[in-house]
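Chemist: Pasting in a structure now, in structure tokens, and then I'll have a few things to ask.
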Amino acid sequence: MPHYDRTALVPRILHLGVGGFHRAHLARYVDELAESGSDWAIRGVGLLDVDAKMADVLSAQDDLYTLIARDSDGSHPNVVGSVVDFVLGSGALARAVADPALAILSLTITEGGYALERPNATIEAIVDALDARRSAGGAPLTILSCDNLPGNGTVAREAITRVAATRGDRLVRYLESSCTFPNSMVDRITPQTTDADRAWLRDEVGIDDGWPVVCEPFRQWVLEDAFAVGRPQFEDVGVLLTDRVHDWELYKLRMLNATHSCMAYLMAVAGVVYVDEAIANPVVRAYLERFLSTEAIPTLAEIPGHPAADYAETVLERFANTGVRDQIGRLCIDGTAKFPTFLIPTVERQLELGGPVECAALALAGWARYLGTVPTADRASDSHGARSAELARRALDDPRAFLDLDLVFTPRLRESERFADAFVRAYADIAARGSIAAMT
């Protein structure tokens with residue numbers, strides 16, 4: 001249980017999108033700082049229908065929840081107290097943002113939450129709230145994206161500013177003069193909470209929690225120190241404050257995230273359910289090691305004092321965690337959105353270098369086989385999946401047809417005979433021998 005006086009905490013952080021990752025990451029850092037004497041706290045705010053359930057659960061528990069860190073040796077629960085309130089709706093968001101005592105508006109609205117191809121109610125609500133703050137006196141504010149996408153602060157600034165420009169010059173000037181948007185790299189594997197997790201917590205620990213959070217022990221937050229008006233002493237609890245966030249992003253994207261995507265569909269086709277089961281197979285591990293050492297790492301700029309090879313080994317160790325039970329199905333969500341960021345840049349760079357692309361080609365061929373052979377009802381969701389599924393069906397007769405998916409495959413890849421040949425060979429090998437045998 002928290003050892004600090006929660007009534008003395010001040011919610012200077014307003015967080016939009018209180019889900020599992022937020023409660024395993026930012027909220028836990030703020031909780032640990034409170035244990036050492038900080039008075040910073042978080043007020044949650046939700047705009048979606050699902051947020052009403054979260055609000056009800058937290059309200060019934062005085063906004064307390066249990067964070068269960070699991071490793072191969074067991075489970076380690078902590079009750080977190082840094083969230084002290086939860087409000088719902090765009091009106092509540094505007095009122096909270098207008099409060100001059102607020103210092104940070106933090107966000108986990110998912111990678112797709114910043115897209116403006118169609119009307120975006122979330123960004124519109126954020127802009128309305130920022131305009132309310134401007135009208136109330138225009139106190140400075142940090143808008144802190146904690147979403148898993150490159151240049152997340154830059155992406156947030158561009159999306160918000162683009163919508164704000166439709167409201168008039170005064171709001172844009174306020175954003176430019178008084179708001180900051182730090183970039184950050186966030187990392188902690190956080191599977192979906194299950195009924196079994198709730199039952200274990202109740203039966204083994206004696207805590208009845210309607211919505212606990214399960215996570216791995218590992219966590220990382222690399223953050224630009226670009227705050228408009230005050231911040232918690234994040235560095236005291238292990239946050240790395242640096243101006244090299246981009247290099248760390250590439251480490252994560254091209255090693256952790258790309259390796260997730262490399263295994264996801266190949267394992268799903270093979271019927272493997274959990275990540276730790278996959279990595280326990282020597283053939284799978286050897287394939288991922290080969291991808292990391294020969295394809296991913298050569299495309300990266302080494303961060304002084306943090307060798308890429310050490311980071312890669314940490315990635316594989318995390319996958320081997322039998323306690324967290326991360327699901328292969330979770331890794332299969334939104335392949336059309338993930339591959340262009342996680343894997344395609346590595347392939348493009350290797351084509352420039354004349355280096356190997358076989359591991360990446362196999363991963364992409366595995367995705368095509370997954371889309372073409374797994375029934376629609378059993379496939380993970382994909383917000384842009386209609387076109388990829390259509391081409392995957394055509395690929396059953398002509399594998400090269402899948403490369404027409406311009407949402408993922410860039411002109412450089414589509415025009416590369418070397419990559420196309422590797423893709424077609426990999427596709428045929430999976431079809432003939434199965435996805436695991438094709439990794440050899």
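Chemist: Given the conditions (1) of a type in the set (A, V, I, L, M, F, W, C); (2) part of a helix (DSSP H, G or I); (3) under 20 Å from LEU201 (Cβ atoms); (4) in contact (Cβ under 8 Å) with a residue 60 or more places away in the chain, which single one is not true for LEU33?
Modeler: Failed condition: (3).
Chemist: Just the residues that are more than 30 Å from ASN183 (Cβ to Cβ) and of a type outside the set (A, V, I, L, M, F, W, C), please, taken from the range 243-288.
Modeler: GLY271, TYR274, ASP276, GLU277, ASN281, PRO282, ARG285, TYR287
Chemist: Here is a list: PRO282, PRO298. Which entry is open to solvent by 60 Å² or more (accessible area, probe 1.4 Å), modelled with pLDDT of 95 or more and touching a Lys or Arg at 6+ places or on another chain (Cβ under 9 Å)?
Modeler: PRO298
Chemist: Which of the residues spanning the range 237-282 are assigned to a helix (DSSP H, G or I), of a type in the set (Asp, Glu) and under 30 Å from ASP225 (Cα atoms)?
Modeler: Of everything in the range 237-282, those that are assigned to a helix (DSSP H, G or I), of a type in the set (Asp, Glu) and under 30 Å from ASP225 (Cα atoms) turn out to be ASP247, GLU249.
Chemist: Residue pairs, Cβ under 9 Å, 6 or more apart or interchain, first in the range 110-126 and under 21 Å from GLY20 (Cβ atoms), second of a type in the set (Lys, Arg). List them.
Modeler: Note: pairs meeting the criteria are GLU111/LYS338.
Chemist: Now a separate question. Tell me yes or no: at least one residue of the range 414-434 is in a loop (DSSP other than H, G, I, E, B), in contact (Cβ under 8 Å) with a residue 40 or more places away in the chain and farther than 23 Å from LYS252 by Cβ.
Modeler: Yes: one or more hits.
Chemist: Next question. Would you please name the residue that is least open to solvent (accessible area, probe 1.4 Å), looking only at residues in the range 133-172 that are out of contact with any Asp or Glu (no Cβ under 9 Å at 6 or more places or on another chain) and over 23 Å from ARG231 (Cα atoms)?
Modeler: Checking each candidate, the answer is ALA159.
Chemist: Can you find a residue in the range 204-226 that is modelled with pLDDT under 95, assigned to a loop (DSSP other than H, G, I, E, B) and open to solvent by 60 Å² or more (accessible area, probe 1.4 Å)?
Modeler: Scanning the range 204-226 turns up no residue that is modelled with pLDDT under 95, assigned to a loop (DSSP other than H, G, I, E, B) and open to solvent by 60 Å² or more (accessible area, probe 1.4 Å).
Chemist: Say we look at the range 344-377 and pick out the residues that are more than 16 Å from PRO399 (Cβ to Cβ) and of a type in the set (Gly, Ala, Ser); which of these is nearest to the chain's Cα centre (by Cα)?
Modeler: Residue satisfying both the conditions and the ranking: ALA377.
Chemist: Looking for something in a loop (DSSP other than H, G, I, E, B) and among the basic types (Lys, Arg) - is there at least one such residue anywhere in the range 372-379?
Modeler: yes
Chemist: Looking at ILE109, is it in a loop (DSSP other than H, G, I, E, B) and open to solvent by less than 30 Å² (accessible area, probe 1.4 Å)?
Modeler: yes
Chemist: Name the residues in the range 321-368 that are in a loop (DSSP other than H, G, I, E, B), within 19 Å of ALA286 (Cβ to Cβ) and open to solvent by 40 Å² or more (accessible area, probe 1.4 Å), would you?
Modeler: Once the filter is applied, which keeps residues that are in a loop (DSSP other than H, G, I, E, B), within 19 Å of ALA286 (Cβ to Cβ) and open to solvent by 40 Å² or more (accessible area, probe 1.4 Å), the range 321-368 yields only PRO356.
Chemist: If you don't mind, there's one more thing I want to ask. Against the definition (under 14 Å from LEU26 (Cα atoms), hydroxyl-bearing (Ser, Thr, Tyr) and not in a helix (DSSP H, G or I)), how does THR166 come out, yes or no?
Modeler: No; evaluated as a whole, the condition is false for this residue.
The values are calculated or read from the model by the stated rules, or taken from the named source; none is laboratory data. Keep in mind the model is a prediction, meaning the values are calculated, not measured. Glycine gets a Cβ as well: all are built from the backbone with ideal geometry, and neighbour counts include every protein chain shown. For the accessible areas, the whole protein counts, side chains as well, though only heavy atoms, and no ligand, DNA or RNA atoms are used. Shrake-Rupley method; radii C 1.70, N 1.55, O 1.52, S 1.80 Å.
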